[in-house]
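Novice: One structure follows; several queries about it will come next.
The values are calculated or read from the model by the stated rules, or taken from the named source; none is laboratory data. From a predicted model like this one, the values you see are computed outputs, not experimental measurements. Don't worry about glycine lacking a Cβ; one is built from the backbone with ideal geometry, like all the others, and counts go over all protein chains shown. Quick note on the areas: whole protein, heavy atoms, side chains included, nothing else; ligands and nucleic acids left out. Shrake-Rupley method; radii C 1.70, N 1.55, O 1.52, S 1.80 Å.
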Amino acid sequence: MKKRIEGLDALRGFALFGILVANMLHFQYGNITFDSIQPDTWWDKFAFYFTKIAVEGSFYPIFGFMFGYGIIQFVRSLENRELKTRGPLWRRAIGLMVLGGLHIALIWDGDILLTYGSGLLIFMLFIKRKVRTLLIWASILILIFIPLGALKTGMLSQLLPSTTELTEIYSSGTYWEVVQYRIGNFEEFTGFMLLLLAIFIPIILGFISIFSFVIVGPFVLLGMASGKVNLFAAIEGNTNRFKQLSLLVPLGLVLKSMLYWDHFIGQALYTAGTYVLAIGYIALFMWVFNLMKERRVTKSFANLGRMSLTNYLMQSVICTMIFYGYGLGMFGQLGVALGVALATVIFILQLMLANWYAKRFAIGPVEWVLRKFVYL
């Protein structure tokens, strides 16, 4: 059991690095759908293509997979202690949504916690379902999301604000100006408008839950199915399976290279590639982890993964303080390659801090607060 948990924690720590590298583009340039990134050196071009093909879109599904796996472990733990599951699950969903909302409003708008929290409201309906049912629903959602993913760039270009305004606010605005830009000026809301908003909150939450279910549902359901069959219960026994599935990595890279084929088919292949590459990364990491499970580096990844929620939020705090105007004001100035290098440095520092923290505490501070709320 200990090895299985350590392997999952290490995988979660590995996913944090990929998420940080992918998010670095957004931290530096904000709305990247308007071609605001125009690298003019070979190293920036290489770093840009590397991020878009090898990283972006293929690490948040890994978190979704582990979120689903964790749901099954969480329910089993409650059942083994003869505790009710519905209340803690609802409070876990609410806690994640509250953390996500605060993250969006006060720190950074590239949040994923709200997506997982709202999606959990629907995922709870699948906890008692058979593995076959989970796999069927995951396949259906993948078939739905691939064409949607191919259309998302054009849709976002119509909804998101101009790069010029965004750059000005983020690069030189005060903290309150940045917050107002993200969530709007509350002075414009009248009491009647706030009342209407309160009335429609359940409807809005329903739409968010459905959207989240479609976006992260495939891998969350795959993770739940894997949890039901205890895929990681004996990592050594699955070494050959992980080794074989790691061959999906080159296939996923080829599919994601279709991003620059300006055609619906190319975009659809790219979207499919994000899923293929994510599965390949999971298998490749677990294969390597099995070979190096007693090494210090794997222990460091596991320590980081145990407090992934704290470290995820910490990444947002650190990077916004570096790039936004109320910090160092480096928005759009560092370059893509140096951004990847900075992400690597930040991640290494997080690994070191996680090792230091793990010797003194068993759980991260944000995880501690969420656990207290979930278990009351």
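Novice: Ignoring ligands, DNA and RNA, please state the percent of accessible area on the chain from carbon and sulfur, probe 1.4 Å. Walk me through the numbers on the way to the answer.
Specialist: Details: 13060 of 19040 Å².
Looking at the chain in its full context, I get 69 percent from C and S.
Novice: Would you please state which residues of region 59-99 a label at Leu376 would reach in this model, taking the label point 7 Å out along Cα→Cβ and a backbone N cut-off of under 11 Å?
Specialist: Correct set: 84, 87-88, 91.
Novice: What are the principal axis extents of the Cα atoms in region 274-362, in Å, biggest first?
Specialist: Largest to smallest, the principal-axis extents are 44, 38, 19 Å.
Novice: Specify the longest stretch of the chain that does not include any exposed loop site, a site being one of the GluC sites (Glu not before Pro) with a non-H, G, I, E, B DSSP assignment and at most 12 other Cβ atoms within 10 Å.
Specialist: 83-293
Novice: Give me the extension gain from Trp368 to Asn240: residue separation times 0.36 nm, minus the current Cα-Cα distance, reported in nm with one decimal.
Specialist: Contour length minus Cα-Cα distance gives 42.4 nm.
Novice: When the helix-only estimate is applied to the chain (DSSP H runs of n ≥ 4, each -39,500 (n - 2.57), divided by the residue count), what is the mean residue ellipticity at 222 nm, nearest 500 deg cm²/dmol?
Specialist: -25000 deg cm²/dmol
Novice: Compute the accessible area per residue over the chain, keeping the other protein chains in place, probe 1.4 Å, unit Å². Each step should come with its number before you reach the end.
Specialist: Working: 19040 Å² over 376 residues.
Here the per-residue accessible area is 51 Å².
Novice: Mind checking Rg over Rh on region 202-279, alpha carbons, Kirkwood formula for Rh?
Specialist: 1.11
Novice: If you don't mind, another one. Counting chymotrypsin sites (Phe, Trp or Tyr not before Pro) as exposed when in a DSSP loop with at most 13 other beta carbons within 10 Å, what is the longest stretch of the chain free of them?
Specialist: 1-188
Novice: Can you pull out the trypsin sites (Lys or Arg not before Pro) in region 250-350 that DSSP calls coil and that have at most 13 other Cβ atoms within 10 Å?
Specialist: Details: sites: Lys256, Lys293, Arg295, Arg296, Lys299, Arg306; in loops: Lys293, Arg295.
Here the sparse-neighbourhood loop sites are Arg295.
Novice: On a C-alpha basis, how far is the centre of region 97-124 from the centre of region 253-331 in Å? Whole number, if you could?
Specialist: 18
Novice: Let me ask you something else. What pairs from Lys228/Lys299; Lys293/Lys359; Lys228/Lys359; Lys128/Lys372; Lys52/Lys372 go past 30 Å between their alpha carbons?
Specialist: Result: Lys228/Lys359; Lys52/Lys372 exceed 30 Å.
Novice: Kyte-Doolittle cut-off -1.0, length cut-off 20 Å along the helix's own axis using Cα: show which whole DSSP H helices in the chain pass. Can you show the working numbers first?
Specialist: Details: long enough: 2-29 (41 Å, 0.41); 60-80 (30 Å, 0.64); 86-106 (30 Å, 0.80); 131-159 (39 Å, 1.63); 191-228 (48 Å, 2.19); 264-291 (41 Å, 1.44); 308-323 (22 Å, 1.16); 336-358 (32 Å, 1.91).
The answer, listed by residue number, is 2-29, 60-80, 86-106, 131-159, 191-228, 264-291, 308-323, 336-358.
Novice: Can you give the local net charge around Gly329? Use residues other than it whose beta-carbon is closer than 14 angstrom to its beta-carbon, Lys and Arg +1, Asp and Glu -1. Show your work: numbers first, answer last.
Specialist: Values: positive: none; negative: Glu168, Glu177.
Net of charged neighbours comes to -2.
Novice: I would also like to ask the following. Consider the candidate values [x] 20.6, 62; [y] 35.5, 129; [z] 25.4, 80; state which one is Rg and Dmax of the Cα atoms in Å computed from the structure displayed.
Specialist: Identified label for the calculated read-out: [x].
Novice: Be a star and scan region 103-125 for residues whose amide nitrogen sits under 14 Å from the point 7 Å along the Cα-to-Cβ vector of Tyr326.
Specialist: 103-109
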